[in-house]
2 protein chains.
Amino acid sequence: MNRYAVIMAGGIGERFWPRSRQNLPKQFLPLLGDRSLLQQSCERIQNLVPPENILVVTGREHLSLAREQLPHLPETNFLAEPQGRNTAPCIGLAAVYLRHRDPDGVMLVFPADHLVQGREDFTGCMEKALKLASSTDSLIAIGIIPTRPETGYGYIEREEEAFPGKPPAYPVRRFVEKPDYHNAVQYLHSGRYLWNSGIFAWKVGLILEKMQKHLPDLYRGLVKIASGIGTVEEQNILESIFPSLPGISVDYGVMEKETNLLVVQGDFGWDDLGSWSALAECFPKDEAQTVGVGQHVGIDTTGCLVYGENSLIATLGISNLVIVQEKDVVMVCSKERAQEVKKLVQKIKERGMTQYL
Amino acid sequence: MNRYAVIMAGGIGERFWPRSRQNLPKQFLPLLGDRSLLQQSCERIQNLVPPENILVVTGREHLSLAREQLPHLPETNFLAEPQGRNTAPCIGLAAVYLRHRDPDGVMLVFPADHLVQGREDFTGCMEKALKLASSTDSLIAIGIIPTRPETGYGYIEREEEAFPGKPPAYPVRRFVEKPDYHNAVQYLHSGRYLWNSGIFAWKVGLILEKMQKHLPDLYRGLVKIASGIGTVEEQNILESIFPSLPGISVDYGVMEKETNLLVVQGDFGWDDLGSWSALAECFPKDEAQTVGVGQHVGIDTTGCLVYGENSLIATLGISNLVIVQEKDVVMVCSKERAQEVKKLVQKIKERGMTQYL
């Protein structure tokens, strides 16, 4: 059974504006280190899946960028979404292309824009997930062992008893929406709640079967798209069908409705990098708990993230702020409201100042 | 008796960094309106003194900039200090040049970088000061009727009883250093304390006589400089003598030691524009008490000054900050510590990052 990896590299990363721009979203940026998040994602699976079996799904407008960043992958392994339609259509699209190529394949699916600090632990965990996906008829989720009462993630509740056999995994009791703080503390102490990483493994045929069952409209569209693969009509059909697919997440559309799920526990320094304040946690801090990236001169600057592209950022007597300079934009927000940066993006859009987006 | 005006346009305006730079200090910038503070200062006295009688003293490195900004003044009316040496040498230099030209002149002296909102009230007040200076043998100070318990200014305490005659003025009891808040409140309520504006009027001969009395070292240097005026050695003597003059303010060196002083009360919307937070008070505010200059998009942004040159500044969930973008620098500081911006300048200097100064 051949292994495939699907890297989901869509999305526009509004929460990382102004560094993330419409023509250069978050996943294509070297937010941490010298390589982009997409490049790091691809490197992370190089010991698990050969390059010719790695697919990248991205927005049409970012196709050439993705190819440039990953020149060692075959050009035909890049799939372009005519429009962003959430994860279920993205995964379905990759699955019908994989089924066309290898109906018996098993696939690992993950977002391009996450942080993974423990490369070897990651590899070990994915190895387990792929083995389980190959050897069972279950959809496999990766659940991260929580390290704090995080309210920004969805959770997976597992059963007490492990699934019999090797590698170790647990049946899933339910998928849980982002909790309030009180519940998050309980989840942390229970030992049975895991962060939903958005990383999954399954047989190509199995996920399409589950989509047919739980998302029949989506599946019908995917079948039409599949009918075009390899024909002169391929692009036309994709263009006409894909935008009409239901914009639903695979979590909500499939996983929450399915009963035959297993979760593999992972502990590899994972973060979904959902905001500037999450990114701040990934950098070394000075004695005042401030992170300075780029040229920074600070006096009495506590608990801040100062992230400059090509300007000097000088700060005095401030605390708990995120300050980002990128090209012709400066963004200053309180750290605790970093999740709301997309509201600024929305307001700028409303004012028609699209040159800054 | 002919009238002259001397505009003091030296200084590097560190408290307005990063807008004010070494090669383009505060007084040459259009911080308020379309014209620079220097240009506005010159316009302000155009009804009092003819252009050929207006002198500008500035740093040697800014001489051509000053001439460019005030092309209607004769080129020879610009005096270049080889080095900034505080106000007493600056005023002394102008006085010896004026004495050479017109020993019986009366001169008005004022800094180039202040705010005056009431142009007509200003003119009326200066008219009084010049008349008094011409008709008495007193040094005349301009004291601003205080409107708040300001701790950032020096004060002039006047006598209860007005000086007999017209125009109205008061003998000065003493010059007072910047007070603490408690004293500032008392000063405000006493009615006898006025803000020291740094604006003065006196006969050219009288101020030199007082310098000879209170600052003999300074006076000796000025006499040497005066001996070169109009000769081929003029520039050489200035270059060699001026940097050795005592770097002392006219307030401390002359006014505080002198007993024969009068103060004319002024009420013309004066501010010494000593910091970014002082400047913020000069602009219209939005409903959240925030001032936006340039491109600003804000959400929940309260009591801030957002001052951009050519970047969009976007802000979210912040309060009481000064944010300034100028060329390749972004400065963010708490409003109440805006007076300390020069500490940032100092730190940047220490790090050798002089390209940002």
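The values are calculated or read from the model by the stated rules, or taken from the named source; none is laboratory data. Computed from a prediction, not measured in an experiment: that's the story for all the values here. Virtual Cβ from ideal backbone geometry, glycine too; neighbours counted across all protein chains shown.
For this structure, a couple of remarks:
- Single condition residue B:40 does not satisfy, out of (1) farther than 20 Å from residue B:332 by Cα; (2) modelled with pLDDT of 95 or more; (3) outside any helix (DSSP H, G or I): (3)
- Considering the stretch B:333-353, and only residues there that are of a type in the set (Val, Ile, Thr) and in contact (Cβ under 8 Å) with a residue 60 or more places away in the chain, the residue that is surrounded by the fewest Cβ atoms within 10 Å (Cβ to Cβ) turns out to be B:345.
- Against the list (1) more than 25 Å from residue B:209 (Cβ to Cβ); (2) buried (at least 19 other Cβ atoms within 10 Å of the Cβ); (3) in contact with a strand residue (DSSP E or B) (Cβ under 7 Å, 6 or more places away or on another chain), the condition residue B:282 fails is (2).
- Residue match in the stretch A:227-237 (condition: touching a residue at least 60 places away in the same chain (Cβ under 8 Å) and in the same structural domain as residue A:195 (by TED's automatic domain parsing)): yes
- Of all residues making up the stretch B:174-205, the number that are of a type outside the set (S, T, N, Q) and touching a strand residue (DSSP E or B) at 6+ places or on another chain (Cβ under 7 Å): 16
- Condition check for residue A:273 on (1) at pLDDT 95 or above; (2) touching a helix residue (DSSP H, G or I) at 6+ places or on another chain (Cβ under 9 Å); (3) more than 7 Å from chain B (Cβ to nearest Cβ): one failure, at (1).
- Subset of the stretch B:248-279 [among the polar types (S, T, N, Q) and surrounded by fewer than 18 Cβ atoms within 10 Å (Cβ to Cβ)]: B:249, B:259, B:260, B:265
- Filtering the stretch A:202-226 to residues that are more than 19 Å from residue A:246 (Cα to Cα) and surrounded by fewer than 21 Cβ atoms within 10 Å (Cβ to Cβ) leaves A:205, A:206.
- Residue, nearest to residue A:325 (Cα to Cα), within the stretch B:333-342, restricted to residues that are facing another protein chain (nearest Cβ under 8 Å) and touching a Leu at 6+ places or on another chain (Cβ under 7 Å): B:333
Residue-wise test of (1) surrounded by fewer than 16 Cβ atoms within 10 Å (Cβ to Cβ); (2) modelled with pLDDT under 95; (3) on the phi < 0 side of the Ramachandran plot.
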| site | (1), (2), (3) |
| --- | --- |
| A:115 | no, yes, yes |
| A:120 | yes, yes, yes |
| A:133 | no, no, yes |
| A:141 | no, no, yes |
| A:146 | no, no, yes |
| A:150 | no, yes, yes |
| A:160 | yes, yes, yes |
| A:167 | yes, yes, yes |
| A:177 | yes, yes, yes |
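- The number of residues in the stretch A:1-41 being touching a Ser or Thr at 6+ places or on another chain (Cβ under 6 Å) and under 14 Å from residue A:341 (Cβ atoms) comes to 3.
- Counting only residues that are part of a loop (DSSP other than H, G, I, E, B) and under 27 Å from the mean Cα position of the chain (by Cα), the stretch B:222-238 holds 1 of them.
- Cβ pairs under 8 Å, 6+ apart, first in the stretch A:241-257 and more than 13 Å from residue A:82 (Cβ to Cβ), second surrounded by 22 or more Cβ atoms within 10 Å (Cβ to Cβ) and among the aromatic types (Phe, Trp, Tyr): A:250/A:200; A:255/A:200
- For residue A:257, the conditions (1) more than 14 Å from chain B (Cβ to nearest Cβ); (2) assigned to a helix (DSSP H, G or I); (3) basic (Lys, Arg) all hold with the exception of (2).
- Selected residue (criterion: farthest from residue A:197 (Cα to Cα)) from residues of the stretch A:239-254 that are of a type in the set (Gly, Ala, Ser) and part of a helix (DSSP H, G or I): A:240
- Picking from residues in the stretch B:289-332 that are over 19 Å from residue A:310 (Cβ atoms) and in contact (Cβ under 8 Å) with a residue 40 or more places away in the chain, the one that is farthest from the other protein chains (Cβ to nearest Cβ) is B:307.
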